[in-house]
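Please treat every number below as a calculation from the coordinates, not as lab data. No experiment lies behind these values; they were computed from the predicted model shown. Here Cβ is always computed from backbone atoms with ideal geometry, including for glycine, and neighbour counts include all displayed protein chains.
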Amino acid sequence: MSNNSMKRKIFVIEDNKTEGMLLKLCLSSLQNVSITNFSKGIDLLNSLDEHPDIVIADLMLPDISGIDLIKKIIDNNPKTNVIVVSAQRDIDVVAKVQELGVYNYLVKSETCIEYLQKVISNLITLLDLRDYS
């Protein structure tokens, strides 16, 4: 059984350094999380054996399509919750991503960072409950 001091592992994949830093800053206010930033999909995939609880993924990456990345994460780690934060508003893309079974899809905006904090803190609460039951 887990106890409250268990750190939740969050992987952030974002190739834009500024946005990556913003995301990390936003998440650093959350309790009991460890955050690892990646700028390349391949580096994240090579670290999946660390079993992240949550992956925050951008769809536009330099080395792999976001869709392929998400498929691989979910295939390898079905328990990992993927949250997409992307500027991509194309409804077909959003639908395709949701079919993969992501936990949430946020469109990049000024308010998206605050909203992301809420989404993640709710998700961590859910994960903690699931671990206790």
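Other residues whose C-beta falls under 12 angstrom from the C-beta of residue 82 contribute a net charge of 0, scoring Lys and Arg +1 and Asp and Glu -1.
Can you compute the helix-only [θ] at 222 nm over the chain? Use -39500 (n - 2.57) per DSSP H run of at least 4 residues, normalise by all residues, nearest 500 deg cm²/dmol.
Result for the chain: -13500 deg cm²/dmol, rounded to the nearest 500.
Put in order of Cβ neighbour count within 10 Å, fewest first, the listed residues 63, 53 become 63, 53.
Estimated from the Cβ-Cβ distance and a Förster radius of 35 angstrom, the FRET efficiency linking residue 17 and residue 103 is about 0.90. Shape analysis of the chain yields a ratio of the Cα radius of gyration to the Kirkwood radius, Rg/Rh, of 0.94. Taking the convex hull of the alpha carbon positions in region 8-81 and averaging its projected area over all directions gives 4.3 nm².
Restricting the calculation to alpha carbons of region 74-133 gives Rg and Dmax of 12.9, 39 angstrom.
Principal-axis analysis of the Cα atoms of the chain puts helix 17-28 at an angle of about 20° to the longest axis.
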